[in-house]
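Where a number appears in this text, it was derived from the coordinates with a stated rule and is not lab data. All values reported here derive from a predicted model rather than from experimental measurement. Cβ: placed from backbone, ideal geometry, glycine included. Neighbour counts: every protein chain shown.
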Amino acid sequence: MPNNAVTRGPEAPQLVVMDLLGVFMENDHAVKGAIAAAFQAHGERVDEDLAATAIGFPKTQGIERVLRWLHPMEQPHKESVKSIYALAVKELTRMMTYGGTIEPASGVVRLCEQWHKCGVAVAAVSTLDSAVVKVMLRRFGWDEHPPFHALVLAEEFNSENPTSDVIEECMRRLGIADVAAVAKVSTRAKGLVDAMKLRCGWKVLLDSGAMTTDQIAALGPDIIVNHVTDLAQAWKFPARPDIALEDEISKILQRH
């Protein structure tokens, strides 16, 4: 269940930024398997747990991270990194196209609709390759009817820390000036670290088991939930006035 939200700043966020992988789509197992398969096809012995350490890092950074762990005395070969990354993108694209278990997280669309009605902006962010994201959106029907107001990919930036840039870009696109009015929801330490560095109003952990107890304690999330639908109780939003209804009532009163 959610912890109490922080008391500083606004009582509730104006913008909720959520990871596409892990929050909007919760099947990490299939993604880890696809990444592991890419390494294995390149002759590297990588299981799903090790492959999971590549998730959350943009472009080839995650691949390099795993290779450094496998071969700590060697500098990752650029061509090997590119080859494994290309294999991972190919495998992830195939999985998104044909994988029967790849579906939106249960209840996430309805949750976003509720937030929309309260005037809360919702943004999706991802470190996945745009080719993979494109297939995912088409499969879910989110290419035409997305549950979010903005989608920002880490590959759009060339900076050293593009995963922090994506949050700021979400704010820019949606007209949110105060970072204290932003909540970042993630299943992974990297996402919470980015929110901490930017001083977002809320660091929200969707606890999928990807983080250890020590990691959670070190990062100190403001809110911890076990399922995305638990976020519906994380904050209380004032109901937006029904302008059309108010106008109709005003007209009725003017007749009498």
Between the Cα axis of helix 28-41 and the main Cα principal axis of the chain, the angle (0 to 90°, nearest 10) is 20 degrees
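How charged is the neighbourhood of Val132? Take every other residue with its Cβ under 12 Å from the Cβ of Val132, and add Lys/Arg as +1 and Asp/Glu as -1.
On the way: positive: Lys90, Arg94, Lys134, Arg138, Arg139; negative: Glu91, Asp129, Glu155.
Computed value for this residue: +2.
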Any idea what log10 I(q)/I(0) is at q = 0.14 Å⁻¹ for the chain, Debye with uniform C-alpha scatterers and no solvent? -0.95
Rounded to the nearest 10 degrees, what's the angle between the helix 162-174 long axis and the longest principal axis of the chain, both from Cα atoms, 0 to 90? 20 degrees
What is the angle, in °, between the Cα long axis of helix 78-98 and the longest principal axis of the Cα atoms in the chain? Nearest 10 is fine, range 0 to 90. 50 degrees
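Only helical DSSP H runs with n ≥ 4 go in: add -39500 (n - 2.57) per run for the chain, normalise by residue count and round the 222 nm mean residue ellipticity to 500 deg cm²/dmol. Intermediate values should be presented prior to the final figure.
Working: 10 runs with 113 residues, N = 256.
Value at 222 nm, helices only, nearest 500: -13500 deg cm²/dmol.
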Cβ-Cβ cut-off under 13 Å around Ala51, Lys and Arg +1, Asp and Glu -1: the net charge is -3
What does segment 67-192 give for Rg and for Dmax, in Å, if only its C-alpha atoms count? 17.0, 54
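How many times 2.2 N^0.38 Å is the alpha carbon radius of gyration of segment 28-98? Spell out each step's value before the answer.
Working: Rg = 11.1 Å, N = 71, 2.2 N^0.38 = 11.1 Å.
That ratio works out to 1.00.
What's the ranking of 45-56, 195-206 by average number of surrounding C-beta atoms within 10 Å, highest first?
Per-residue mean Cβ counts within 10 Å order the peptides as 195-206, 45-56.
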